[in-house]
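Input: a single structure, listed below in structure tokens.
The values are calculated or read from the model by the stated rules, or taken from the named source; none is laboratory data. Keep in mind that this is a model prediction, so the values were computed, not measured. Positions of Cβ are backbone-derived with ideal geometry, glycine not excepted, and every protein chain shown enters the neighbour counts.
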Amino acid sequence: MLGGGLVISGASIMDRRYLQAWRCQCHSGVLRPTEAGECAANPKARLGYSRHSDPHMCASSQLPPAALYIHIPYCAAKCGYCDFYSVPIHNEPTNDMLAALQKELVHRVGTCGHRIRTVFIGGGTPTILATTQLGQLLTTLAEVLRDHEPIEFTVEANPETITAEKAHCLADAGVNRVSMGAQSFDAPELEVLERRHGAADVPQAVAALRRAGVGNINLDLIFGIPGQTLESWRSSLDHAIELGVDHLSCYGLTYEPGTELTAQRDRGLITPCHEGVEAEMFSLAIDHLAGAGFEQYEISNYAKPGRRCLHNLMYWRNEPYVGIGPSAAGCTGGRRYKNVADVGTYIRLMRSSGHAESESETIDRAKLVNEMILMQLRLSEGLSISVFRSRMGLDPLQVFEPALTRLVESRLLFVTEEHIALTRSGMLVANRVMTELACACESL
Ligand code: SF4
């Protein structure tokens, strides 16, 4: 969380942290998004994975569909604000890591029993791999998923790593969405973040991806950067809008323990953005992007119609996910695991024992309630009353009383026939609201 208590930053980054720590990700090109659990209209024709001709064959699995996340733990260098697990790629045993990762991929997908509905290759910077390595990984993935029907296949990228060759490699393998870390279009702000790309790299990368056939592109942007103003934030939003991308993730900057940025703040070398200004930036994003046709469907995420991130929606709706690679996490069958966050140990464990988990836990009833609050309340639609009833056998309107009444009266939450959701004011203090609701059902 930033500075002194504003929650948009903590909450917004929380989803990135969650999506990595216990994580996976998201969405498509020309495909129609569907609700979790439904089959898309013949998506396999585009992705080319399934051998089935019946578009409803995905109903054959008795288990609900799952998301698949693959973590590539390499970057060119560490950005000052980042605490995701990644290491500089120079002199790293990339081939050994990819061999271990593909071994885990074959095993986990082959034994999980779920149909894989969305795929997300994140990191790190997956596109920092050599084109041949990326191609090999994508070929293995296509083989592993040949009987699945993924409707969305996203790869994370940094702008400076997208060449025409790499863009074609992704498109040819069926990648139909790219999520790119633009962060800002202002040179001094990129410098504060210690990014390795310049603002001009972003339009070039977007153009290369479009030429190759990947039309569905997300840009990550950050607000609350030291030195950033409302004007420069609006300018970054305008640059992104002008590029015609379909999806924007707008995260508040957070000062994570152990990062270079936090050390700089603690030494007084940088001055964090005032939290009042940060709140204004959050509101500006909602209003400005709405004017450009983007709907805020989650605290930090905005999409053009039909372009919501299906992969992340799987997390936010507490659907199962399989995680592959160093530091990746998965949650299937009421059990959550996390792999070791160390490349060398990951390779060694995969070779010696065939798995590389460092921890696991059973998701009991109390944890599930907590997670439904934590994840579903992030969505603009909010927590589904009917899903809560069917999963928990309890009425959330009763379970959350009297906290619910208090939060509604404070205009931090609102209740419809189908959902309990955060108001805009509630999104600014989302962590507090979630904690209050969680405490209301501690005895479950
Ligand atoms: S490129 Fe992304 S994952 Fe890599 S260090 Fe920078 S912020 Fe972290």
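Values computed for the structure shown
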read-out	value
Residue check, residue 176 under 30 Å from residue 296 (Cβ atoms), within 13 Å of the ligand (Cβ to nearest atom) and touching a residue at least 12 places away in the same chain (Cβ under 8 Å)	no
Filtered residue count, segment 287-325, keeping only those that are in contact with a Lys or Arg (Cβ under 8 Å, 6 or more places away or on another chain) and part of a helix (DSSP H, G or I)	5
Residue in segment 388-400 that is in contact with a Cys (Cβ under 7 Å, 6 or more places away or on another chain) and not charged (D, E, K, R) present	yes
Among the candidates 184, 236, residue that is of a type in the set (Gly, Ala, Ser), over 30 Å from residue 117 (Cβ atoms), away from the ligand (no atom under 16 Å from the Cβ) and surrounded by 23 or more Cβ atoms within 10 Å (Cβ to Cβ)	236
Helices (runs of 4 or more DSSP H) enclosed by segment 345-428 - at least 1 residues per element that are touching a helix residue (DSSP H, G or I) at 6+ places or on another chain (Cβ under 9 Å) and over 23 Å from residue 335 (Cα atoms)	385-392, 396-399, 403-409, 424-428
Count of residues meeting criterion [buried (at least 20 other Cβ atoms within 10 Å of the Cβ), among the small types (Gly, Ala, Ser) and more than 16 Å from the ligand (Cβ to nearest atom)] in segment 71-119	1
Complete set of residues in segment 161-184 that are among the basic types (Lys, Arg) and more than 24 Å from residue 237 (Cα to Cα)	166
Subset of segment 433-444 [surrounded by 15 or more Cβ atoms within 10 Å (Cβ to Cβ) and either of a type in the set (Asp, Glu) or part of a helix (DSSP H, G or I) (or both)]	433, 434, 435, 436, 437, 438, 440
Residue check for residue 156: of a type in the set (D, E, K, R) and either farther than 24 Å from residue 84 by Cβ or away from the ligand (no atom under 16 Å from the Cβ) (or both)	no
Set 268, 291, 215, 276: member being farther than 30 Å from residue 382 by Cα, of a type outside the set (Asp, Glu), out of contact with any helix residue (DSSP H, G or I) (no Cβ under 7 Å at 6 or more places or on another chain) and surrounded by fewer than 20 Cβ atoms within 10 Å (Cβ to Cβ)	268
Top-ranked residue of segment 61-70 - restricted to ones that are part of a strand (DSSP E or B) and more than 16 Å from the ligand (Cβ to nearest atom), ranked as nearest to residue 108 (Cα to Cα)	68
Residue within segment 326-339 that is outside the structural domain of residue 109 (by TED's automatic domain parsing), touching a Cys at 6+ places or on another chain (Cβ under 7 Å) and in a loop (DSSP other than H, G, I, E, B) present	no
Residues satisfying the stated conditions in segment 246-273, i.e. within 16 Å of residue 189 (Cβ to Cβ) and part of a loop (DSSP other than H, G, I, E, B)	253, 254, 255, 269, 270, 271, 272, 273
Residue in segment 192-215 that is away from the ligand (no atom under 15 Å from the Cβ), at pLDDT below 95 and more than 19 Å from residue 72 (Cα to Cα) present	yes
